[in-house]
1. Output the residue which, of all residues in the stretch 40-60 that are closer than 18 Å to D71 by Cα and not β-branched (V, I, T), is surrounded by the most Cβ atoms within 10 Å (Cβ to Cβ).
2. Scan the stretch 7-22 and report the pairs whose first residue is more than 20 Å from D71 (Cβ to Cβ) and whose second residue is assigned to a strand (DSSP E or B) and modelled with pLDDT of 90 or more, with Cβ atoms within less than 7 Å and a gap of 6+ or a chain change.
3. Which condition from (1) modelled with pLDDT under 90; (2) surrounded by 12 or more Cβ atoms within 10 Å (Cβ to Cβ) is the one that T21 breaks?
Amino acid sequence: MKGNLTFIDVDGEQCSIKQSTDENNHLEWISKLLECEQSDISLTLTSRVVATRNEIFQARQNITRAYYGRDALSKVCDMYLKKREKSIFQLGFYLFIR
């Protein structure tokens with residue numbers, strides 16, 4: 001996953017996921033792998049939850065923080081796969097035969 005998702009800067013303070021132009025939609029593949037909606041992944045990588053003493057709100061991520069989040073998600077997925085002794089190939093094959 002690391003490197004497949006790229007971001008575009010919107011205004012220096014927020015970013016969005018760059019849509020894939022080829023037939024391999026990486027966001028779609030990742031959403032199938034994690035069994036969640038594409039919009040949830042996009043929102044998670046491009047925003048963060050900020051909790052203050054009196055309120056909780058969602059703030060947009062800049063492009064640097066989005067890349068850090070993408071890399072962290074990639075590491076967690078890798079650790080999960082190693083723990084479960086499965087490979088990306090096995091999971092990908094499972095997704096496409098469902």
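The values are calculated or read from the model by the stated rules, or taken from the named source; none is laboratory data. A quick note: this is a predicted structure, and the numbers were derived from the prediction, not measured. So basically every Cβ, Gly included, is an ideal-geometry build from the backbone, and we count neighbours across all protein chains shown.
1. The residue in question is L45.
2. Final answer for the pair search is E13/R60.
3. (2)
Okay, residues lined up against (1) out of contact with any Cys (no Cβ under 8 Å at 6 or more places or on another chain); (2) at pLDDT below 90; (3) on the phi > 0 side of the Ramachandran plot:
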| site | (1), (2), (3) |
| --- | --- |
| L27 | yes, yes, no |
| E35 | yes, yes, yes |
| I63 | no, no, no |
| F96 | yes, yes, no |
